[in-house]
Amino acid sequence: MATRPGKRSNGGTEAARPGKRKGGGTKAARPGKRKGGGSDSGGEQEGVERRLEELLFGGEEELLERLQEEKGGRTLLDDDSSDSEVENEAKSGFHPAKKAVWEDEEDEADQTVDMTHRFRKNFQKSSTEKTLSMGQLQRRLKEQFQTAMGGTPAWAESKDKKKRKNKEDSDDESDEDADLLRKTGNFVSRSDALPKGLLEIKNCKSANCTRPSDAKLTTTQFHPGAQVILTAGIDQSISLFQVDGKTNPKIQSIYLERFPVYQARFSADGEQVIATGVRHKMFYIYDMMVGKLIPVYGVRGLEEKQVKKFEVSPDGLFLLIIGTSGYLHLLSMKTKEFVGCMKINGEAISATFSPDGSMIYTNSDEGEVYIWDVKSRKCLTRFDDEGCLKGTCIAVSRNGQYLACGSSSGIVNVYSRDACLHQTNPKPVKAIRNLVTTATSLVFNPTTEILAIASKTTDDAVKMIHIPSFTAFSNFPAIGQKFIHLAQEMDFSPRSGFFSIATNRGHALLYRVKHYADF
């Protein structure tokens, strides 16, 4: 008789096999083995293959039924808590309970991690932190991820937590605090308070190092949502680069024939780039979604010989053209049609929108500041910028709290927004006197902890001002290093992690501000 697998050929006792009862009882028929005294090796082999096919390509329901067959008055699904992990998973219908996303078995291990490694330096909160436990590092990683995501994403929450959250939302929809928590993804997470004195900042490779320009750059701007930077200038091109602080690879360059770029900006949604020329009435719209360059040759109702300075409203509704003879023109961003205009006394030098897009701030060559309501296009108030003979630039903080006004003397006055709106002769919170030449560029960082001021009339004329102390960081720029050649424009990345300066030598200088998240 052919020897069956698992049975001794010398007539000894047969080893107990899974699924067979010990003792003198009858054997339960096994799948794939014929009942009776004979054997069929071909049939047994065919049964084995069939079982393998069922496990690989289906048959899960049959497998589950076999597992639920009685075994001594119990089922395999009824084993106690001392069973193996595989058997415990079978108890719940082969769907093991999901573990919390942020839990890790290694967290409990008493391990230390070297924080001086170059890949972990960004997680240090001070230079004295040489090592951290595995659990502390995991918490730092969690904090950075939640900061980048604007909160805990839905996929990282357990089912029970989602159910509780949905129940709380439905029970308390009128609660403004709960509503704010549900929308945290729409807000920029604020870091710990930035200390004054010294700024932790590192010089990186230029943002456009993979495509340097041989002419003056007029624009540097970070994308509102992606890790991308835009540069443009007199070399008649617009370029996009991915920002990583190391190689900053080029994404794309667009050449505009006989069109030196005076200014370029992303649209509010980041899907378009608007570019104006040095001596043209026309301007370009580059649609990044379809890769199409659209020339706008003229706008009916816009009576200007040149279109140069402009601003995009944060809500994405309007394009503000700063014209001549004190005129400000509003265009629809969607249709590029003329909407209306406003006029100030003297020449309008620069303008900016409030963070919500409801107001426009403008300063003039006569030292006056105007505040306009966008919907009605009426002047809400105007006042004299204290000590200013000629306004040169203007900026509003991202939280709407401060208004900064630059002048030809180099003094930058910082006002409280409330004082500007409700006082006829507001006094500046601080008069910043760190520049000795004309202030030409101002920009607040997204957390309203830094105000960068610059003058393009001399080298290294860039200062970073700490808010709310309004004192300059003493280590920027580095003393004795003529590296910033005539700063034309500046910008911070969406979470303040990077800072860029466009220079007249064609470089978009890039700095890593270590206090903040990467981008």
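Assorted remarks:
- Whether segment 375-484 is rounded, prolate or oblate, judged on the alpha carbon gyration tensor where a/c under 1.5 counts as rounded: prolate
- Protein accessible area in segment 300-392, 1.4 Å probe - carbon and sulfur %: 48
- For segment 430-519: rounded, prolate or oblate by the Cα gyration tensor [a/c cutoff 1.5]: oblate
- Area of TYR415 that stays accessible when all protein chains are in place (1.4 Å probe, Å², to 10): 0
- Extension gain for the segment ARG139 to THR210, taken as residue separation times 0.36 nm less the Cα-Cα distance, is 22.0 nm to one decimal.
- Using a Förster distance of 56 Å, the FRET efficiency for ASN345-GLN111 (Cβ separation, nearest 0.05): 0.25
- Over segment 196-329, relative contact order from alpha-carbon pairs under 8 Å, at least 6 apart, %: 15
- Ranking HIS485, HIS515 by solvent-accessible area of protein heavy atoms (1.4 Å probe, all protein chains present), from largest to smallest, gives HIS515, HIS485.
- Packing rank of 136-142, 205-211, where each peptide gets the mean count of other beta carbons within 10 Å, highest leading: 205-211, 136-142
- Look at the alpha carbon pairs under 8 Å that are at least 6 residues apart: their mean separation over the length of segment 342-476 gives a relative contact order of 16 percent.
- Based on protein heavy atoms only, segment 380-519 ends up with 38 Å² per residue of surface accessible to a 1.4 Å probe.
- Sites ARG300 and SER358, calculated FRET efficiency, Cβ-Cβ separation with R0 30 Å, nearest 0.05: 0.70
- Residue separation of THR324 and CYS379 scaled by 0.36 nm, minus their Cα-Cα distance, works out to 18.0 nm of gained length.
- Percentage relative contact order, segment 462-503, counting C-alpha pairs under 8 Å, at least six apart: 28
- Cα gyration tensor category, rounded, prolate or oblate, for segment 458-504 with a/c compared to 1.5: oblate
- Net +/- balance of residues flanking GLN481 in space, Cβ distance below 11 Å, scoring K and R +1, D and E -1: -1
- Exposure of GLU303 as accessible area (Å², to 10), given a probe of 1.4 Å and all protein chains: 150
- Extension gain (nm, one decimal) between THR335 and THR458, 0.36 nm per residue minus Cα-Cα: 40.2 nm
- Accessible area in the full protein assembly, largest first, 1.4 Å probe, for LYS305, LYS281: LYS305, LYS281
- Computed over protein heavy atoms with a 1.4 Å probe, the carbon and sulfur contribution to the accessible area of segment 413-504 reaches 49%.
The values are calculated or read from the model by the stated rules, or taken from the named source; none is laboratory data. Every value quoted in this text rests on a predicted model; they were computed, and no experiment measured them. FYI the Cβ positions are ideal-geometry reconstructions off the backbone, even for glycines, and counts take in every protein chain you see. The accessibility values were calculated without ligands, DNA or RNA, using every heavy atom of the protein model including side chains. Shrake-Rupley method; radii C 1.70, N 1.55, O 1.52, S 1.80 Å.
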